[in-house]
1. Which pairs turn up if I take residues in the range A:558-569 that are more than 16 Å from ligand 2 (Cβ to nearest atom) and look for partners that are in a loop (DSSP other than H, G, I, E, B) and of a type in the set (Asp, Glu) with beta carbon separation below 8 Å, at least 6 apart in sequence or on another chain?
2. Inside the range A:225-255, can you point out the residues that are away from chain B (no Cβ under 14 Å) and of a type in the set (A, V, I, L, M)?
3. Quick test for you: out of A:Ile249, A:Ile264, pick the one residue that is open to solvent by less than 40 Å² (accessible area, probe 1.4 Å), at negative phi and β-branched (Val, Ile, Thr).
4. Can you name the condition, by its number, that A:Arg302 falls short on among (1) away from ligand 1 (no atom under 15 Å from the Cβ); (2) open to solvent by 10 Å² or more (accessible area, probe 1.4 Å); (3) assigned to a loop (DSSP other than H, G, I, E, B)?
5. From A:Lys550, A:Lys570, A:Lys537, grab the single residue that is open to solvent by 60 Å² or more (accessible area, probe 1.4 Å), within 27 Å of A:Lys474 (Cα to Cα) and not aliphatic (A, V, I, L, M).
6. Look through A:Gly258, A:Gly211 and report the one residue that is open to solvent by less than 10 Å² (accessible area, probe 1.4 Å) and within 14 Å of chain B (Cβ to nearest Cβ).
7. Quick check on A:Gly12: is it more than 21 Å from B:Gln56 (Cβ to Cβ) and touching a Gly at 6+ places or on another chain (Cβ under 6 Å)?
8. Go over the candidates B:Pro113, B:Pro85, B:Pro97, B:Pro46 one by one and state the one that is of a type outside the set (D, E, K, R), within 16 Å of ligand 6 (Cβ to nearest atom) and farther than 25 Å from A:Ile44 by Cβ.
Amino acid sequence: MPLYRAHVLVCGGTGCTSGGSDKIYDAFLKEIENFNLKDEVQVIRTGCFGLCAEGPIVIVYPEGAFYSKVADSDVKEIVEEHLLKGRIVKRLLYKESLEEGQIKSLNEVKFYKKQMRIALRNCGVINPENIEEYIAYDGYKALAKVLTEMTPEQVIDWVKRSGLRGRGGGGFPTGLKWEFAAKAPGDVKYVVCNADEGDPGAYMDRSILEGDPHSVIEAMAIAGYAIGSKQGYVYVRAEYPLAVKRLEIAINQAREYGLLGKNILGTDFEFDIEIRLGAGAFVCGEETALMTSIEGHRGEPRPRPPFPAVKGLWSKPTLLNNVETYANIPVIILKGPEWFASIGTEKSKGTKVFALVGKVNNTGLIEVPMGTTVREIVEDIGGGIPGGKKFKAVQTGGPSGGCIPASLMDTPIDFDSLTALGTMMGSGGMIVMDEDTCMVDIAKFFLEFTVDESCGKCPPCRIGTRRMLEILQKITSGNGTEEDLEKLEELAYSIKDSALCGLGQTAPNPVLSTLRYFRDEYEAHVKEKRCPAGACKALLRIVIDKDLCKGCGICAKNCPANAITGQIKKPFEIDQTKCIKCGVCIEKCPFKAISKKA
Amino acid sequence: MIKSIQELEEIRKKALEELEFRKQQGEGIRIVVGMATCGIAAGARPVMLKFVEEIQKRNLKNVTVVQTGCIGLCKYEPIVEVYEPNKEKVTYVKMTPEKVSKVVAEHIVNGKPVYEYTIGYEENKEANK
Ligand SMILES: Cc1cc2nc3c(=O)[nH]c(=O)nc-3n(C[C@H](O)[C@H](O)[C@H](O)COP(=O)(O)O)c2cc1C
Ligand code: SF4
Ligand code: SF4
Ligand code: SF4
Ligand code: FES
Ligand code: FES
């Protein structure tokens, strides 16, 4: 193997790829060839580095230069200046990474300082398409250890003692689930990985599959050994083509290296994995629906019990875990359950990956120890709210979750504290909201999603959530009444109690949680027909300030709805019943006399 | 096909060597080669490549080769600075690929800088002319 004097890591994660990192990668190959550096410099595509807001990202080793917002037109300069002449291209460095002329190590950058990467340990570090790089960082060592030094019972005991809980949303103790599956009677058992990831705004699982697919493969093989299964399935949505491709490559490489298949590592253990593509319906993430879908039927939930551990795929005992849950397993085996249990809080151990999005400066993929507070995430890691706006709330748990208001910013995040606040850990979407966000509108957004995604099998979910949505629409359009608020709450509780599966049972949460913390906002909508955040278009009023208006008539000429009338040289007026709130008049008024009013 | 843990371990070690470079700098020995225009003109590239070659040949760990821009002493190019943790830096001047082999053998491997190639030695020589 040739030794390269420099490695160029180009982020091939979701965010950077959509920012054009493919072209950047190609440009590097070309320029390196042009400058005749092919034998000295290696270019590698990695998974997400986390700081997606600054993407596309390129890191050059050994200096560890962290270039951000790179364009393909910058590549020639990096190759010529940095790789050929050794002069770091300062204008492209991530602003925080240069200190007194010295490049700071990545861990010192604020965004990474409070993070701890376990599930994401290899993302952005290795080439996900090269199994040897995974092996270099202790890959498949945990599988080897398990197969040669541990009994299945010991493995399960370790997972139990680690305190790991499922990262797919519910937070069920993983070790216990493994034990149920192991103890269930039957010769044929299955190991399934849930990579459906239906939550809007979430891309944690996708990033793990794209950046480090082998960690999931290794963990599934370990699970297979622990419960006595020979066959695994990864259920991944077809909308994730890069994740699917990297997973395919990884599975094939693992087979070639004898890490999947028969006689793994010279033992008599046998295990293989197949990929199943999902059509991307949210309900297919629900475990019983997911298994029905793998079997080739329409993905509809069924009542539990029987639980999958007893009666799952093709009615055989089945172990089903989330991508991130699996990604933690090899590390637990290598570092021991006590190590893992020492991280996090009393009842939530380890770390959690979040997709930090919304009104925050550093959007991206983060992993923090359980117990990190909302404030630390938003202010220290996220770098605060852009544009000097005020922080209002974070939404967690997606369509099944709720909000944490600014007043509770110091809440340490773990499974139980979030549930106590009326929200959920969920799979890890975290949406930051500022003062311009209307909480009624947010609730409506998630409910629209639920209504679209309900499978329609049971009436409370099919009809009830639609009724709730109608009420919310009525409120945000300025026609809501106080009775509507009562009806909304009543409906919410009855759907929660009567829906068949988790989708319906949790669908009212965004409404209940915003009612709990932002009731005054709902009331302003129904009582005063006012949206305090100024977000609900129908409740906005466009008004002319009489003192500033010079009576030029420009606004009236430009109004597409003919809503403005007046006499030249006298203040003009807007007829609110005609105004469609297009904002054209605000732009056109030369005297800044027109403004929006909440 | 990997048939045993030993084989897995061998692959791990070999692959890790390749990735040593991706460690954050500041850990092991750092060899910094001046590669500005005049350095390249004076033959810095073959010097740098020779370092890389020697390091690979001898399977040295914890050594990285880094380039830098103008050091400000153009007439002594090619210039190479060696940084070892907790030691004063050593500056080699007028380097050639032949000199590199000796620096690697005596300084990098055995910890004894080669004084007759260093800047102090060279400056004395000039002064005594
Ligand atoms: C409507 C619905 C959607 C779900 N979507 C996902 C999903 O996208 N990914 C996931 O891992 N779990 C999802 N879950 C949770 C799974 O049913 C299951 O609890 C989880 O995958 C178990 O893995 P874990 O114990 O490792 O968390 C969903 C649940 C419901 C009710
Ligand atoms: S709760 Fe909704 S998604 Fe779940 S089974 Fe009923 S109708 Fe389908
Ligand atoms: S454009 Fe402005 S100043 Fe002119 S009439 Fe309209 S509001 Fe008054
Ligand atoms: S917002 Fe649009 S519709 Fe309303 S008054 Fe101004 S120009 Fe006319
Ligand atoms: S996708 Fe490149 S940093 Fe996240
Ligand atoms: S360019 Fe080499 S010292 Fe000036």
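The values are calculated or read from the model by the stated rules, or taken from the named source; none is laboratory data. In this text, all values refer to a predicted model and were calculated from it rather than measured experimentally. So basically every Cβ, Gly included, is an ideal-geometry build from the backbone, and we count neighbours across all protein chains shown. The accessibility values were calculated without ligands, DNA or RNA, using every heavy atom of the protein model including side chains. Shrake-Rupley method; radii C 1.70, N 1.55, O 1.52, S 1.80 Å.
1. A:Ala563/A:Asp575; A:Ile564/A:Asp575; A:Thr565/A:Asp575
2. A:Ala226, A:Ile227, A:Val234, A:Val236, A:Ala238, A:Leu242, A:Ala243, A:Val244, A:Leu247, A:Ile249, A:Ala250, A:Ile251
3. Working: A:Ile249 fails: open to solvent by less than 40 Å² (accessible area, probe 1.4 Å).
Matching residue, one of A:Ile249, A:Ile264: A:Ile264.
4. The single condition A:Arg302 does not satisfy is (1).
5. The match here is A:Lys537.
6. One residue alone meets the criteria, A:Gly258.
7. Numbers: more than 21 Å from B:Gln56 (Cβ to Cβ): yes; touching a Gly at 6+ places or on another chain (Cβ under 6 Å): no.
Spelling it out, it is not the case that A:Gly12 is more than 21 Å from B:Gln56 (Cβ to Cβ) and touching a Gly at 6+ places or on another chain (Cβ under 6 Å).
8. That would be B:Pro46, the only listed residue that is of a type outside the set (D, E, K, R), within 16 Å of ligand 6 (Cβ to nearest atom) and farther than 25 Å from A:Ile44 by Cβ.
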